[in-house]
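First comes the structure, then the notes that go with it.
The values are calculated or read from the model by the stated rules, or taken from the named source; none is laboratory data. The model shown is predicted, which means the values in this text are computed figures rather than measured ones. Glycine also receives a Cβ, built like all others from the backbone with ideal geometry; neighbour counts cover every protein chain displayed. Heavy atoms of the whole protein, side chains included, go into the accessibility calculation; ligands, DNA and RNA do not. Shrake-Rupley method; radii C 1.70, N 1.55, O 1.52, S 1.80 Å.
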Amino acid sequence: MSNQRKENPKSGAKPIAAKQQLARRSFIFMGTGALAAIGVGAAGYKLGWFGSGASYDSALAAANEMLETRAREIGNASVLIHAIRGFGKGFKLADGSSAVEHLCSRYAADKEVGGKRYVYFKRDAEVHENSFLKTFLEAGVSNDQPISVGGNRYTLADLAESGKALFRCDPQDLFKFDATEFRYDPVYKEPPGQPSGGRGELVHEHLPWGLIAFSILMKPDAATWTNAYGEPISLPTVADRSLAEYETTCALGERELKAEHAAPANFREAIKKYSCFGLHSVYGYLSLVNHGYTNNGLPERVNRVLDLVTYRLKGDAEAITAEYAAAGQSAPADQVEAFRLRALVKHYGHAFEAINYAKLHKLTTFNADQQRRIGEGEAAFYDSLVKLHGLDWGMMKSKLGEKFVSDIVIAVGHAVRALKLLTPQNPDTLA
């Protein structure tokens, strides 16, 4: 994606006069229900309002409207933290109150370890450990931001120290799990203390958010500490060992993906164990590199992973389409399409969030072939967002459930941030 949106030949948009361009930008970046305000709504795509071939602007308008409207409508913790992801720390609820304040006053908990109390966010609210912490940090929320747990008062700075203290990871066994001691559940949606057995999934479901948060909080030469359980933690070692595990997974699909074929089944099966097709992990390693972590050849290794992401733009998308075509032969076509588009937006949104984060911080230089794959992926990304916006949201809520719709909004949160990272509307920099 380029800051030169109107001149980008891959966007499909035609050049327009400067005055029209300014007016168009004002409309796109309103972020306050622009589509609904002019009466377009979900019918716009069906009526052809977006024209043939989605552009950056039409995709962003659709994504902004979906995220803002549905996040306020649903209002659960997951959609609100992703609205902050897409719109910045200033995002407001429907009543005009702060989403950050809302989350910090309702969803935190505390616990005592070794005679000291620590604050954290409840699992059923943040889902992935340290995901609220890293989102607040990236959005520039003040360290003095109050966090309340009953009568106990904490701050974001306390949450950061608690995150470090409660973090438990043995880099020699990333999948270690002990129901009586280990913090992470083997499957994050299960109640604590009720594991399904086998090896836990710290590296799949929780680690990326800790890597992002701790890379922001600690410089590489000071990234070792002793947690609240008396266990030594070395963030560079955790990064090295977990990236090695991730590289092993990537290798399963490398040959076919680099031949520009659909992602193979064995790779898809393995990468689905990671949250959001493993793309949170990519972003986590990029955050480490951005904050100066270079141990064990980390920058070069992460660049290789990122190169594979440029192939995955097409390869994973083709696999997703094939998977839903095979699974949906006996299901209503509109429901199958809803599942497919949800998966595609999740895939593209997370992939471009990583790619554009790398561009923003100049973590790599994409070559011509990579740029071609990225450009083709951008066009498909825009198209998927516009089509998703045009679906029957009433049908999805009634037939597929509110959680399905909530999951769409979460995916759109990442898509919105991806679209804005290289623009003045970067949500990390908005007051």
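The share of accessible area on the range 242-302 that comes from carbon and sulfur is 49 percent, using a 1.4 angstrom probe.
Ligands, DNA and RNA are left out, and with a 1.4 angstrom probe the accessible area of the range 384-431 is 32 Å² per residue. Between T365 and D221, the distance separating the two model label sites (each 7 Å from Cα on the Cα→Cβ line) works out to 2.8 nm.
Only aspartates and glutamates eight or more places from K403 in sequence, or on another chain, were considered; those with a Cα closer than 14 Å are E73, D124. Within a straight-line Cα-Cα reach of under 16 Å, K116 can be paired with the following aspartates and glutamates, leaving aside sequence neighbours fewer than 8 residues apart in one chain: D158, E161, E231. Which of rounded, prolate, oblate describes the range 67-109, given a ≥ b ≥ c as roots of the alpha-carbon gyration tensor eigenvalues and a/c under 1.5 marking rounded, otherwise prolate only if a/b is larger than b/c? Here the range 67-109 falls in the rounded category.
When the Cα gyration tensor is reduced to axis lengths a ≥ b ≥ c, the ratio a/c is 1.5 or higher for the range 223-281, and with a/b above b/c it is classed as prolate. Backbone geometry of the range 114-129 corresponds, through the Karplus equation with coefficients 6.51, -1.76 and 1.60 at θ = phi - 60°, to 3J(HN,Hα) couplings of x, x, 10, 8, 10, 9, 7, 9, 4, 4, 6, 9, 8, 6, 10, 4 Hz, x marking Gly and Pro. Entry comment: accessible area of the range 215-300 is 43 Å² per residue, from protein heavy atoms only and a probe of 1.4 Å.
Taking 0.36 nm per residue of separation and subtracting the current Cα-Cα distance, fully stretching the chain between D95 and A380 would add 99.0 nm.
The range 311-326 and the range 96-143 have Cα centres spaced 35 Å apart. Semi-axes of the equivalent ellipsoid for the range 288-430, computed as √(5λ) from the eigenvalues of its C-alpha gyration tensor and ordered from largest down, come to 31, 17, 13 Å.
Using a simple spin-label model with pseudo-atoms 7 Å out from Cα toward Cβ, K273 and E231 lie 1.9 nm apart. In the calculated pair-distance distribution of the range 222-332, the portion above 26 angstrom amounts to 30 percent of the Cα-Cα pairs. Placing R304, R373, R123 in order of accessible area, with the largest value first and a 1.4 Å probe, yields R304, R123, R373.
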